[in-house]
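Written below as structure tokens is the structure these notes are about.
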């Protein structure tokens, strides 16, 4: 019993401190445009810094969604840039399929209008300003870029 009371005595001030901290987040809209009808599903990730960029496990937002016209991404730091990468997973294997030469065979899109035909993007290529509240992604096959 004394152990429980001692633990509560230490933890209660932490709870009060945490309640006083209000973390502001924001929501952005992402609109999708397709050069061909969307078939399959969309894998989309949002990053707010260059660390582990393109590693969807480290993204601030990463989801598999049905083909659609737009989504809302919530919980973003309003003071940080954001970069969004997505692809249409036609065969629903949750991987961007590549051909023998490493060229994507499924449509993909990146924020900031980055086309990325001959090299893999870096965060700065695709990063949008923190002021940007609506991001448009255009899904294109590699040969359409």
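Per-structure values
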{"read-out": "In the range 51-62, the residues that are over 8 Å from the mean Cα position of the chain (by Cα) and either loosely packed, with under 13 Cβ neighbours inside 10 Å or in a strand (DSSP E or B) (or both)", "value": "51, 52, 55, 57"}
{"read-out": "Some residue of the range 85-99 being more than 19 Å from residue 63 (Cα to Cα) and under 18 Å from the mean Cα position of the chain (by Cα)", "value": "no"}
{"read-out": "Of all residues in the range 106-121 being loosely packed, with under 14 Cβ neighbours inside 10 Å and assigned to a loop (DSSP other than H, G, I, E, B), the one that is farthest from the chain's Cα centre (by Cα)", "value": "118"}
{"read-out": "Yes/no for residue 85 being within 16 Å of residue 110 (Cβ to Cβ) and at pLDDT 95 or above", "value": "yes"}
{"read-out": "Those residues of the range 81-103 which are surrounded by fewer than 18 Cβ atoms within 10 Å (Cβ to Cβ) and outside any loop (DSSP other than H, G, I, E, B), in sequence order", "value": "98"}
{"read-out": "Among the residues listed as 106, 124, the single one being closer than 18 Å to residue 40 by Cβ and at pLDDT 95 or above", "value": "106"}
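Quick grid of which residues meet (1) within 25 Å of residue 95 (Cβ to Cβ); (2) in contact with a strand residue (DSSP E or B) (Cβ under 8 Å, 6 or more places away or on another chain); (3) at pLDDT below 95:
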site	(1), (2), (3)
14	no, no, yes
27	no, yes, no
31	yes, yes, no
42	yes, yes, no
49	yes, no, no
53	yes, yes, no
66	yes, yes, no
69	yes, yes, no
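The values are calculated or read from the model by the stated rules, or taken from the named source; none is laboratory data. Bear in mind the structure is a predicted one, so any value in this text is a computation, not a measurement. Glycine gets a Cβ as well: all are built from the backbone with ideal geometry, and neighbour counts include every protein chain shown.
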